[in-house]
């Protein structure tokens with residue numbers, strides 16, 4: 001179980017108890033087929049139990065579920081909802097999603113309104129914890145609009161808090177803060193009446209967000225407000241551990257990395273001991289703190305903990321690009337260039353996915369929803385005006401989005417360019433690929449060592465920058481055969497002949513473009529021919545594959561620097 005999952009556990013228990021309470025009320029007032037007192041008692045007993053593992057958690061409800069056919073339809077829906085609750089607590093999100101659909105369909109078919117809404121809320125949560133953020137956000141948006149004086153209002157408030165959590169996950173801290181401030185000051189009493197935990201927790205979440213935004217006074221104001229509220233809570237309570245996390249975040253922001261590491265360690269140990277899971281964003285921050293202290297191996301081990309989690313296969317789709325950027329910085333410090341290059345590619349891909357979701361998906365869902373409400377609320381006499389307004393809104397949104405995408409592309413391009421400039425720093429134009437591929441001291445075979453020395457000489461002579469550089473011609477030049485040459489490169493240089501040649505050419509031309517203004521004025525085709533490529537397309541393909549930038553984009557940035 002992860003802390004991210006079980007942070008909501010108290011509110012879910014409250015939701016089920018509200019649900020059970022409403023059933024008891026109906027059952028007491030009306031002589032109708034409803035939920036039996038015995039089933040309600042069983043469910044209450046299940047929630048009172050203290051469990052150490054997810055298997056124990058599920059065992060109680062599974063005993064009831066295996067006999068589900070013996071219950072009436074309303075009881076069956078109730079059992080499904082309780083089962084879903086415990087499945088999510090145990091991290092069984094795929095099963096929970098499946099059962100959410102079953103419960104929702106049963107509730108709709110039989111006119112159980114509250115159960116229908118509750119099953120949708122559970123579905124939205126299960127999708128979120130299963131890293132299906134797009135569909136989760138859509139559901140929470142619709143649930144957040146449930147304006148009602150009864151039970152739906154609490155679901156709406158919880159849905160807004162979930163939206164704030166999603167916004168925070170993708171770095172939209174101002175949006176997340178606005179939601180939490182609005183709930184705390186305008187809906188606080190309604191939240192406190194249903195869940196004291198979530199009411200008193202809001203200030204610490206707001207303190208974290210203000211800390212992210214660099215607003216120091218507000219950070220400490222809400223932190224102190226929270227600390228004063230939880231004075232009576234024990235040191236091992238969730239309330240206290242949330243405070244420790246906040247203290248770690250503040251230390252990190254103040255560049256007190258040693259204290260931040262200790263606080264994060266306490267937080268992580270507590271959450272793992274209690275919930276048998278890790279909080280990825282916290283591990284990323286802890287890894288950053290270790291790296292700032294020069295503790296490279298510790299930084300790496302924290303990142304590897306994230307990769308070791310079963311959920312990582314799904315989580316990596318939306319994980320912060322900082323995760324991959326840390327690997328780049330770590331392997332750069334360790335001098336492991338192959339791994340650094342591998343994670344550079346992953347970083348740029350993650351950055352593209354992350355920003356696409358950040359700038360497009362959530363904002364578009366929000367805009368589409370606003371526009372839908374605007375159109376649906378308009379009457380016939382204002383229809384034309386509304387449509388014109390919608391059109392202008394759409395045009396403005398497209399313009400803003402286009403500007404945002406343009407600025408993001410520029411920023412991404414600049415980061416790639418800066419990384420590329422560092423890549424060839426302190427290297428001579430024709431001495432990098434081979435030197436970093438092998439430690440010749442480790443070669444015991446003198447014949448192989450001699451061949452590699454010959455390859456290096458050819459490299460320094462510029463042989464691999466000629467169009468005639470094929471495996472056959474190179475083998476002929478070295479007075480060997482193609483099979484033997486290919487095997488030596490594969491087994492000792494840990495690459496293929498084609499990749500070896502391409503690396504030499506690309507590293508060479510990067511240096512040339514950095515230092516030679518004249519070559520920057522050449523066409524892409526002419527540059528390609530200069531280093532042995534037969535076509536501009538082949539050169540552009542390998543240049544972008546190696547650097548993340550097109551040749552023209554790199555030249556443009558070089559000219560800006562010059």
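Points to keep in mind about this one:
- Within the stretch 85-118, the residues that satisfy the criterion of being part of a helix (DSSP H, G or I) and free of Cβ contacts under 8 Å to residues at least 24 places away in the same chain are 95, 98, 99, 101, 102, 104, 105, 108, 109, 113, 116.
- The listed residues are 122, 154, 131, and the only one of them that is outside the structural domain of residue 312 (by TED's automatic domain parsing), outside any helix (DSSP H, G or I) and in contact with a helix residue (DSSP H, G or I) (Cβ under 9 Å, 6 or more places away or on another chain) turns out to be 131.
- Qualifying residue in the stretch 214-237 (condition: at negative phi and in contact (Cβ under 8 Å) with a residue 40 or more places away in the chain): no
- Considering the conditions (1) closer than 19 Å to residue 251 by Cα; (2) in contact with a helix residue (DSSP H, G or I) (Cβ under 7 Å, 6 or more places away or on another chain), residue 180 is excluded by exactly one of them, (1).
- Sole exception among (1) within 32 Å of the chain's Cα centre (by Cα); (2) surrounded by fewer than 16 Cβ atoms within 10 Å (Cβ to Cβ) for residue 517, by number: (1)
- Taking the criterion of being touching a residue at least 12 places away in the same chain (Cβ under 8 Å), surrounded by fewer than 15 Cβ atoms within 10 Å (Cβ to Cβ) and more than 15 Å from the chain's Cα centre (by Cα), the residues of the stretch 311-336 that qualify are 333, 334.
- A single member of 146, 209, 169 is in contact (Cβ under 8 Å) with a residue 12 or more places away in the chain and closer than 17 Å to residue 118 by Cβ, and it is 146.
- Residue within the stretch 285-307 that is over 20 Å from residue 248 (Cα atoms) and buried (at least 18 other Cβ atoms within 10 Å of the Cβ) present: no
- Qualifying positions in the stretch 46-84 - surrounded by fewer than 12 Cβ atoms within 10 Å (Cβ to Cβ), in a loop (DSSP other than H, G, I, E, B) and modelled with pLDDT of 75 or more: 66, 67
- Checking each residue in the stretch 444-492 for being assigned to a loop (DSSP other than H, G, I, E, B), under 19 Å from residue 532 (Cβ atoms) and in contact with a helix residue (DSSP H, G or I) (Cβ under 7 Å, 6 or more places away or on another chain) picks out 469, 478.
- You will find that of 527, 558, the residue that is touching a helix residue (DSSP H, G or I) at 6+ places or on another chain (Cβ under 7 Å), modelled with pLDDT under 85 and not in a loop (DSSP other than H, G, I, E, B) is 558 and no other.
The values are calculated or read from the model by the stated rules, or taken from the named source; none is laboratory data. The structure displayed is predicted, hence computed values, not measured ones. Every residue, glycine among them, receives a Cβ derived from its backbone with ideal geometry; neighbour counts consider all protein chains shown.
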